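What follows is a single structure, written as structure tokens, with notes after it.
The values are calculated or read from the model by the stated rules, or taken from the named source; none is laboratory data. Keep in mind the model is a prediction, meaning the values are calculated, not measured. All Cβ positions, glycine included, derive from the backbone under ideal geometry; neighbour counts span all protein chains shown. The protein model used for the area step is the full one, side chains on, heavy atoms only, and it has no ligands, DNA or RNA in it. Shrake-Rupley method; radii C 1.70, N 1.55, O 1.52, S 1.80 Å.
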Amino acid sequence: MFQGEAIRLSALGDGLLEMTFDRQGSQVNVLDGRALQEWREVNAWLATQTGIRGLLVTSAKDVFIVGADIGEFAAIFSLSDEALVSRTLDANSILNAFEDLPFPTVAAINGYALGGGLEMALSADARVMSESARIGLPEISLGIYPAYGGTVRLARLAPLGQALDWVLNAGMHTAREALDAGVVDAVAAPAQLRDEALHWLRKLASDPPGPPQRRLRKLAPVAASPYEIAQAAAPFRRQAQDAEERRHLPAARIALEMIQAACACPRAQAQALETASFPQVAKSAQAAALIRIFQNEQAVKKLHRPGAALRETPVRAGVTGAGIMGGGIAYACALKGISVRLRDVSQKQLDVGLAEARRQLERQLKGGRMTAERVQAVLGAIHPQLDGAGFESVDLAIEAVVEDPAVKRQVLSELERRLPAHAVLATNTSSLRVSDLAQGLQRPQRFAGLHFFNPVPMMPLVEVIRGEHTDADTLARATAFVLKMGKTPVVVRDCPGFLVNRVVTPYLRAFIRLVSLGADPYAIDRAMVAYGWPMGPAHLEDVVGLDTGARVLDVIAAGYGERMPVLEHDILRRMAEHGVLGQKVGAGFYLHATDAQGKATRVPNPALAPLLASVQPAGARDFTAQEIVDHLMLPMLLESARCLQEQVVSTAAELDLALLLGLGYPRYLGGALQQIDQTGWDEILRRCEPLAHLGPEYQPTPAMRDMARSGRRFFN
Ligand code: NAD
């Protein structure tokens, strides 16, 4: 009856039809321009027919419809406000025409119905959902909101509070949740989904004619008083404000205001409101950044696809050194069911390492997030030991002993002798060259760096360091192992600081420099938190430890002395000399304590004043927030561009994702390279100029000037 690239229509007999989403040449269905156009044609054809009693909507894929095609967003969102509104209204007219068909429609939801996919299903009269399916409106996490009538229909099908939760928190929902919220009408076992949906269609088709109640509800204003609407919105207002003020993400606030206003309107006016404020979100820099993050995640996942088979192979792991990092790595392995030997020279350290895992598991158990059996299984997967027994059957061993090259070399060669020939040997060094540590190994090709971040169970990024001799199979196995741990691996070239520490160092050096020029470290923290960082640089140094922080700077100074030489008036070093080491000793830039409720507290450390004065030869002075941001951010942006130019990682997507996951780079900026693209090199060069006298960290390279001249970008 109709056969397109995205949709086909077939007769089921008895006046019933089936509209099937089945995108040719693709694993999934998307509601892109092509699908919308075909849907419009189907609607037009249906409108000319007589004798149709009902229509079933199904998918021929494992998923219903996964949403719009994000690849189309850039072109659509670059339309003028007017053109964007009229395009969105036009798309809405397709869903409205479907909703208004003179016979009942039922959608059978399998797999995923997300974003535009769920909006499609909401335009049907009824929805039957597979028990194993998930539905949701993820748009807010991309900095936009659903604009194909999704906010309007959901607010009329579900209780308003729930509709707001679904839109503003962008969650994925189970069939049970969807049924309870009234978003779907029935739930079926996957194998019965189609039969159950057909059953619903027959039931609706045999109802007496006339617009059934379920349609009237979707056409009318929300059945709630202004007071009830305000009550339902209240809990979300604070959250939306917080997202806008602290994280610079305004979409939730804009969506909330729009939905509240649209509640009082019938369908057409409500959709007009939904469409009218859409350009405000769609054309925002924040949406561009969040969409870029999503695309970066997809691109990085794609890089890992070839290793899928390796990920299925079971791995026995071994960790040597049960300190902060080794204990954390072992625990993170065990959480993912990876059996792991944990070895140390000190029984005390082994006990400490396991006690930390036990403490975290107890907390999960108490909070009801884990069963007692699961706790036992996780603990049972960690095998603490003082000797090397069993390492001869380990597939991947990680060295996480003290950061001393002599100790590391000795541990590594002893490990190598025990390991089977196929095993991968890795080091968690944070500052030594992997290629240097490889000297003296019999199989340097099986050796790589696995740079975990602290605290390991929480931090999603692992830098996989490719040494000079590391072979492709070793890299593939190390990468597969990181994926098995549920973390994101990024392959990085073996250079001082690797990627993340290298990029953050110019930012921290700028902090030290600015303090030496007279800036107040607490004012810098306030400015950077207001800019969107999870914590300011002074607070960050307290968490890392002032001694560790000073050591990282030394490593970078040794590696890139011409550009980042040792700084003269260095507050970190001064503090480390005086034993003011940060959180671990209770005092750093801040005094750290815990209050009666066990919550961490932090106040400026009054004892810092003389140390500060000793590194501020010209005394104290004020800097504006913009000056602070420029001083700290510009050298970090330039270093990021350098890292890509020097192929420290191979793609812009990996670089930006690593900064996001490893540093907590503000999401609204997308990442350093996205921020450069968004700001434009011309503007970056202009802002660097007045700071160029501070040194090469503020001096763009010829390659950067070249990008500015040619208008080339990191992302297309
Ligand atoms: P740590 O001092 O907490 O732990 C080191 C452990 O190694 C101790 O338990 C010690 O007993 C053990 N050890 C020493 N010699 C040993 C030997 N010959 N055999 C077996 N065990 C031995 O140190 P950490 O902070 O966990 O750091 C470990 C490694 O991880 C270092 O290379 C460090 O640079 C790196 N790293 C640390 C961090 C961090 O934030 N702490 C982050 C990334 C990487």
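Key figures
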quantity	calculated
Scan of the stretch 144-165 for residues that are part of a helix (DSSP H, G or I) and closer than 11 Å to Leu122 by Cβ, ordered by number	Gly150, Thr151, Val152, Arg153, Leu154, Ala155, Arg156, Leu157, Ala163
Those residues of the stretch 538-554 which are open to solvent by less than 40 Å² (accessible area, probe 1.4 Å), among the hydrophobic types (A, V, I, L, M, F, W, C) and either within 12 Å of the ligand (Cβ to nearest atom) or closer than 15 Å to Tyr590 by Cα (or both), in sequence order	Ala538, Leu546
Residue match in the stretch 478-490 (condition: touching a residue at least 12 places away in the same chain (Cβ under 8 Å), farther than 24 Å from Asp656 by Cα and open to solvent by 10 Å² or more (accessible area, probe 1.4 Å))	no
Given (1) outside any helix (DSSP H, G or I); (2) open to solvent by 30 Å² or more (accessible area, probe 1.4 Å); (3) charged (D, E, K, R), index of the condition Arg127 fails	(2)
Index of the failed condition, Ser650 passing every other in (1) over 25 Å from Leu475 (Cα atoms); (2) open to solvent by 70 Å² or more (accessible area, probe 1.4 Å); (3) hydroxyl-bearing (Ser, Thr, Tyr)	(1)
Only listed residue being hydroxyl-bearing (Ser, Thr, Tyr) and either surrounded by fewer than 20 Cβ atoms within 10 Å (Cβ to Cβ) or more than 20 Å from Ala558 (Cβ to Cβ) (or both), chosen from Ser413, Ser430	Ser413
Verdict on Val340 being in contact with a Cys (Cβ under 8 Å, 6 or more places away or on another chain), hydrophobic (A, V, I, L, M, F, W, C) and closer than 30 Å to Gly497 by Cα	yes
Residues satisfying the stated conditions in the stretch 167-197, i.e. open to solvent by less than 10 Å² (accessible area, probe 1.4 Å) and in a helix (DSSP H, G or I)	Val167, Ala175, Ala178, Ala197
Number of the condition not met by Asp387 [criteria: (1) farther than 14 Å from Gly326 by Cβ; (2) in contact (Cβ under 8 Å) with a residue 40 or more places away in the chain; (3) open to solvent by less than 50 Å² (accessible area, probe 1.4 Å)]	(3)
Odd one out for Arg574, checked against (1) farther than 25 Å from Ala692 by Cα; (2) modelled with pLDDT of 95 or more; (3) out of contact with any Ser or Thr (no Cβ under 7 Å at 6 or more places or on another chain)	(3)
Residue under evaluation Arg417, criteria (1) closer than 30 Å to Arg502 by Cα; (2) modelled with pLDDT of 95 or more; (3) in a helix (DSSP H, G or I), criterion not met	(1)
Residues of the stretch 250-289 classified as open to solvent by 10 Å² or more (accessible area, probe 1.4 Å), farther than 21 Å from Leu154 by Cβ and of a type in the set (A, V, I, L, M, F, W, C), total	2
Given (1) modelled with pLDDT under 95; (2) of a type outside the set (Lys, Arg); (3) open to solvent by 10 Å² or more (accessible area, probe 1.4 Å), number of the condition Tyr590 does not satisfy	(1)
Helices (runs of 4 or more DSSP H) (entirely within the stretch 210-286) containing at least 3 residues that are within 35 Å of the chain's Cα centre (by Cα) and touching a residue at least 40 places away in the same chain (Cβ under 8 Å)	226-247, 251-262, 267-276, 278-282
Cβ-Cβ under 6 Å pairs, at least 6 apart or on other chains, the stretch 398-417 side acidic (Asp, Glu), far side open to solvent by less than 50 Å² (accessible area, probe 1.4 Å) and more than 8 Å from the ligand (Cβ to nearest atom)	Glu399/Leu412; Glu416/Leu425; Glu416/Leu441
Top-ranked residue in the stretch 318-372 [being within 15 Å of the ligand (Cβ to nearest atom), among the β-branched types (Val, Ile, Thr) and not in a strand (DSSP E or B); ranked as least open to solvent (accessible area, probe 1.4 Å)]	Ile329
The lone exception for Gly518 - which of (1) open to solvent by 20 Å² or more (accessible area, probe 1.4 Å); (2) under 25 Å from Asp547 (Cα atoms); (3) not acidic (Asp, Glu) it fails	(1)
Helices (runs of 4 or more DSSP H) completely within the stretch 515-626 that count 3 or more residues being over 31 Å from the mean Cα position of the chain (by Cα)	546-559, 571-577, 609-614
One residue from Leu432, Leu412, Leu450, Leu508 being within 14 Å of the ligand (Cβ to nearest atom) and part of a helix (DSSP H, G or I)	Leu412
Residue count, the stretch 492-529 (criterion: of a type in the set (Val, Ile, Thr) and over 19 Å from Ala641 (Cβ atoms))	4
Inter-residue pairs, beta-carbon under 8 Å, first part of a helix (DSSP H, G or I) and in the stretch 45-62, second open to solvent by 70 Å² or more (accessible area, probe 1.4 Å), 6+ apart	Trp45/Met1
First in the stretch 558-579 and farther than 23 Å from Phe498 by Cα, second anywhere and among the charged types (D, E, K, R) and open to solvent by less than 70 Å² (accessible area, probe 1.4 Å), Cβ under 6 Å, 6 or more apart	Ala576/Asp547
Residue in the stretch 486-499 that is at positive phi and more than 16 Å from the ligand (Cβ to nearest atom) present	yes
Residue tally, condition away from the ligand (no atom under 12 Å from the Cβ) and not in a helix (DSSP H, G or I), over the stretch 387-407	5
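Table: residues versus (1) of a type in the set (Asp, Glu); (2) over 18 Å from Leu514 (Cβ atoms); (3) in contact (Cβ under 8 Å) with a residue 60 or more places away in the chain.
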position: Phe623; (1), (2), (3): no, no, yes
position: Leu632; (1), (2), (3): no, no, yes
position: Thr651; (1), (2), (3): no, yes, yes
position: Glu654; (1), (2), (3): yes, yes, yes
position: Leu657; (1), (2), (3): no, yes, yes
position: Leu663; (1), (2), (3): no, yes, yes
position: Gln674; (1), (2), (3): no, yes, yes
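Okay, residues lined up against (1) open to solvent by 40 Å² or more (accessible area, probe 1.4 Å); (2) assigned to a loop (DSSP other than H, G, I, E, B); (3) over 30 Å from Leu660 (Cα atoms):
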| residue | (1), (2), (3) |
| --- | --- |
| Ala426 | no, no, no |
| Gln442 | yes, yes, yes |
| Asn454 | yes, yes, no |
| Thr474 | no, no, no |
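Residue-wise test of (1) within 29 Å of the chain's Cα centre (by Cα); (2) at pLDDT 95 or above; (3) assigned to a helix (DSSP H, G or I); (4) among the polar types (S, T, N, Q).
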{"site": "Leu657", "(1), (2), (3), (4)": "yes, yes, yes, no"}
{"site": "Cys688", "(1), (2), (3), (4)": "no, yes, yes, no"}
{"site": "His693", "(1), (2), (3), (4)": "no, yes, yes, no"}
{"site": "Phe714", "(1), (2), (3), (4)": "yes, yes, no, no"}
